[in-house]
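So the structure is just underneath, and the comments pick up after that.
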Amino acid sequence: MARGLKVLSALDSAKTQYYHFKAIIIAGMGLFSDSYDLFSITLITKMLGRIYYSNSHEIRQVNPIVVSALVSVALLGTAIGQLVFGRLGDLKGRRHVYGMALLLMLVSSLASGFSICTTKRACVLLSLAFFRFFLGLGIGGDYPLSSTIMSEFANKRTRGSFIAAVFSMQGFGILASATVTMVICSIFRRASKPASVYDVPPEADVAWRLILMIGSVPAALTYYWRMMMPETARYTALVEQNVLQAAKDMEKVLDVAMSQIAEEDPLPPTNNAVYPLLSREFLRRHGRDLFACSTNWFLLDIVFYSQVLFQSEIYKRYLKHKDKQDVYQEAFYLARIQAILAVCSTIPGYFFTVYFIDRIGRVKIQMIGFFFMAVSFFAIGFPYYSHWTNGDNQDNKGFMVLYGLAFFFANFGPNTTTFIVPAELFPARFRSTCHGISGAVGKVGAIIGSVGFLWASHKEKEEGYPEGIGMKKSLIILGGVCIVGMFVTYFFTKETMGRSLEENEVEQSHHAEEYNNL
């Protein structure tokens, strides 16, 4: 039935038009806010260390345990949000749950800036962690719903580019967090004029809160438009089995006449729940795809979120010592490096994916990305102590080039494709659920990458961190993780380029029937 519906055929063959771009902006602004909030915490913790840990004679940083907790609690909330909102998106509909996730993200982002107390360190950090958990829930809900909604509105010829364009908003969110931090720090520094590098004006406690709260603005601007979006035709027709309503909704947003998409004869209802989510039949039909999506996302996030390993080395090479910078300067110069990396590495990687994904396919891009990430990590890791940390190479630009390449190919590679593929492989009634499961497994990898490797990478006790395996071994392991991702992609990941979403389900059903006939 699904493949014969006129409304679905019209969606697959529709020309690119205004509503497609509008949907990209509406869905993309959620991911813009996601990355703004998740990546701004690195900048904020530098200011928190000055405000709540330092004194008039010594500059300190936030306790490593606290930093790990602030990062982990948001990622844990994201994982839970992906599971909960992903499942609700299939049970209650994409549109209604979409608004709930955005509203939770908006309120939590504002609340993070209003973290209670201004003088008691424990009180401030605990309340910040509390609100960041709920922020993570909203961010987690946005992932499966944005990807699923865009995939179900898009035509099959340019679907990959549309979803990649939505995801590319993350790059602009990273750039925005850096830009806002630089602007606010510049304004506050001119207004308060710190007397010395040890002087922390009271206004600095307002500055970091303002940086966090501004992250809610894009979400607030798009909330109305999200609530005005119709339910996707695929959900209405295939899950709710209301083909007429699906046709009416599409007539409102796409340039297509009702006569072209309405069915001439009423269609009999079908048994849409032939097999439930937690069943052997589901695993037989979709288990391999779910394994591939979840494993690739897990491996990618271990590597992608391990970028914190590089930060200390970048600080040593390209930033002045903290004893020569005041509270605003330290955050400003760190944000400037983040902005440069976003412009030169992160955003171009997303744009390459938008252009090439419907030309060379998801699988090839994912394998290329994993391969060159591995090359970059090995090139940095093997000679790390003998070359990169050698005094003669402190100003060597090769380190930054390799660092930039690693994350260029993350974005022109698995960071984008792991977001796209789960929204294309699964049938409508499981689509956002399976995307949420894949993403939640990925966030477990993110915690390992951002916290586990951060603690393991220290060769000796320093700055509150215990002795670990060192940077060389950590980087080589990360390169090995990329190689594993390349093999998992090659052996388990299916290509979805140029195919209707319904074609994947038909193919899986065919394979399942062959299996049952053996």
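See the values below:
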{"read-out": "Cross-link table Lys443/Lys473; Lys15/Lys364; Lys324/Lys443; Lys324/Lys459, entries beyond 31 Å C-alpha to C-alpha", "value": "Lys324/Lys443"}
{"read-out": "Shape of region 67-189, Cα gyration tensor, a/c cut at 1.5", "value": "oblate"}
{"read-out": "Extent along principal axes [Cα atoms of region 380-479; Å; largest to smallest]", "value": "58, 29, 18"}
{"read-out": "Cα centroid separation, region 93-108 to region 147-193 (Å)", "value": "18"}
{"read-out": "Accessible area (Å², per residue) of the chain, counting only protein heavy atoms and a probe of 1.4 Å", "value": "40"}
{"read-out": "Within the accessible area of the chain (1.4 Å probe), percent carbon and sulfur", "value": "64"}
{"read-out": "Helix-only [θ]222 nm of the chain, DSSP H runs n ≥ 4, -39500 (n - 2.57) each, per residue, nearest 500", "value": "-23500 deg cm²/dmol"}
{"read-out": "Region 379-450: trypsin sites (Lys or Arg not before Pro) falling in loop per DSSP and having at most 11 other Cβ within 10 Å", "value": "Lys397"}
{"read-out": "Qualifying lysines (Cα of each under 20 Å from Cα of Lys92; at least 8 residues distant if same chain)", "value": "Lys248"}
{"read-out": "Relative packing of 495-503, 295-303, 13-21, 77-85, which averages over residues the other C-beta atoms within 10 Å, highest first", "value": "295-303, 77-85, 495-503, 13-21"}
{"read-out": "Kirkwood hydrodynamic radius over Cα pairs of region 143-262, then Stokes diffusion coefficient at 4 °C and 1.567 mPa s, in µm²/s", "value": "71"}
{"read-out": "Summed residue charge, Cβ within 14 Å of Tyr305's Cβ, Lys/Arg positive, Asp/Glu negative", "value": "-1"}
{"read-out": "Size of charge dipole - the chain - debye, nearest 20, with Cβ of Lys, Arg +1 and Asp, Glu -1, no other charges", "value": "820"}
{"read-out": "Cα gyration tensor, region 28-83 - rounded (a/c under 1.5), prolate or oblate", "value": "oblate"}
{"read-out": "Value in Å of the Kirkwood radius, where the chain supplies the Cα pairs that are averaged", "value": "23.8"}
{"read-out": "Compactness relative to 2.2 N^0.38 Å, alpha carbon Rg of region 116-169", "value": "1.80"}
{"read-out": "Cα gyration tensor shape of region 323-457, rounded if a/c is under 1.5, else prolate or oblate by comparing a/b with b/c", "value": "prolate"}
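The values are calculated or read from the model by the stated rules, or taken from the named source; none is laboratory data. Because the structure is a prediction, the values reported are computed rather than measured. We place every Cβ from the backbone using ideal geometry, glycine too, and count neighbours over all the protein chains shown. Keep in mind that these areas ignore ligands, DNA and RNA; they rest on the heavy atoms of the full protein, side chains included. Shrake-Rupley method; radii C 1.70, N 1.55, O 1.52, S 1.80 Å.
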